[in-house]
Structure formats: structure tokens, C-alpha cells
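J.: Right, I'll just put the structure down here and ask away after.
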Amino acid sequence: STVAGGEDCLWYVDRNGSWHPGFDCEFFTFCCGTCHQRYCCRDPLRLLTERQQRHCLAFSPKTIAGIASAVVLFIAIVTTIVCCFRCSCCYLYQRRRHPRTHLQG
């Protein structure tokens, strides 16, 4: 593909986990750098295309670990609630089996 300059640098997250907003490069300059550090430059050989930048946004190992942790936590909470409704020693089970009436005070 031809390179005309004025390529945009998309938002990115640096190695410290800080978020940086996207920015436009001036005409005849390109978005250069890496997935974790971006800047505008005039050297088309260092060009970081928007496609390459989007590839950087794919799930990192940290993101996958965070999502997996959230899923495990959700399953643990749901399992605990379900077990509590089925276990006779749990308050929710007792409450469901023996509902209080208005006469009990």
C-alpha cells in the first residue's frame, strides 16, 4: 500500500499500564514506535500502520488473566449462593424452609 503521511497514532497502553489517548501526526509524518510507545516521525521505514496498532490492542496476557479471574470469581459467588440455598446449616436455606409469619415476632 502507498503511504501518504498524516497517519494517526491510535490510543495505547504503555509498559506501566498507563493509558495514552490517540493523536494525529502532521502531513508527511507517520505514526512510529512500538505497541507501548508511539510518536510521529518522518521515516516511512519505522511506520506503525493502523493495522499493526490494532494488533497491539489484542488481549495481552494480563488482560486474559484479569478476565479469567473475574469469571472464576463470578462462578464462585454463584456456586456459594446456590449451595447456601441447598445446605441446611445456611441461613438462606432455613429462611426458605421456615418463613416467618406476621404472628411470629
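J.: In whole percent, and with a 1.4 Å probe on the protein chains, what portion of the accessible area of segment 1-59 is carbon and sulfur?
T.: 54
J.: Given H placed on each backbone N at 1.01 Å, which residues far from residue 12 in sequence or on other chains put an amide H within less than 5 Å of it?
T.: It is 20, by chain and number.
The values are calculated or read from the model by the stated rules, or taken from the named source; none is laboratory data. Keep in mind that this is a model prediction, so the values were computed, not measured. Surface accessibility is based on the protein's heavy atoms, side chains included, excluding ligands, DNA and RNA. Shrake-Rupley method; radii C 1.70, N 1.55, O 1.52, S 1.80 Å.
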